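All remarks here apply to the structure that follows.
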Amino acid sequence: MKWERGVVASSRAAKPSSTMFLGEYLHIFDSKNRISVPSRFRKDLGRVVVVTRGLDHCLYVYSRKAWEKQAQAYAREANGNAAQRGLARLFLAGSFEAEVDRSGRVLIPENLKSFASIREKAIIAGVADRVEIWEEGAWKRYTTGIERDADTFAEKVGSTN
């Protein structure tokens, strides 16, 4: 079982090397905790990726280059207030560097799979400069709620600009 919907868009207008990951893909973990990275994401993610705990109990996957920028931002917060320190610890201490193998699979450590409550099926979603890995049911519940409340969210976001 595998479905794919999405693209990777290179945004050349803003920065010559910025990449935007888009779309959602259903993939299944193998018995060794490896999951296939969608082929459309592989080139821009590169051979080495960083996987870390994300918000909303998903996993964030960054290219090595994008992670270096994120890690620097988190490191600046590591000595801030309690909320800043907590988020810095969540992302930095929870990070794991992994190699994408020749078959396009990446090993996800058990502690990260457990954090995201992933067992077998996962949604891999492109979200701007990162890729997210979600437990399939959690993704469905999350997107259903966002779709239901999108108009309200748009009003709230619009009122802060």
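Which residue, 158, 23, 96, has the largest displacement toward the positive end of the dipole of the chain when charges sit on each Cβ (Lys, Arg +1; Asp, Glu -1)? Checked the options; the winner is 96. In this calculation the C-beta distance from residue 65 to residue 136 is compared with R0 = 30 Å, giving a FRET efficiency of 0.55.
Here the label points at residue 81 and residue 101, each 7 Å from Cα along the C-beta direction, are separated by 4.6 nm in the simple model. Compared with the direct C-alpha span, the chain from residue 73 to residue 90 gains 4.8 nm at full extension, assuming 0.36 nm per residue.
About the centre of its Cα atoms, the chain shows a dipole size close to 500 debye [charges on the beta carbon of Lys, Arg (+1) and Asp, Glu (-1) only; nearest 20 debye]. As a length-normalised measure over Cα pairs under 8 Å and 6 or more apart, the relative contact order of region 41-138 settles at 33 percent. Protection proxy ranking of 72-84, 36-48, by the mean of other Cβ atoms within 10 Å over each peptide's residues and highest first, is 36-48, 72-84. Would you work out if region 3-136 is rounded, prolate or oblate? Take a ≥ b ≥ c from the square roots of the eigenvalues of the alpha-carbon gyration tensor; rounded if a/c is under 1.5, else prolate when a/b is larger than b/c, oblate otherwise. It is oblate, given that a/c is not under 1.5 and a/b is not larger than b/c.
No lab work stands behind these numbers, since they all come straight from the coordinates. All figures in this text were calculated on a predicted structure; none of them were measured in a lab. No Cβ is skipped: glycine too gets one built from the backbone with ideal geometry, and neighbour counts run over all protein chains shown.
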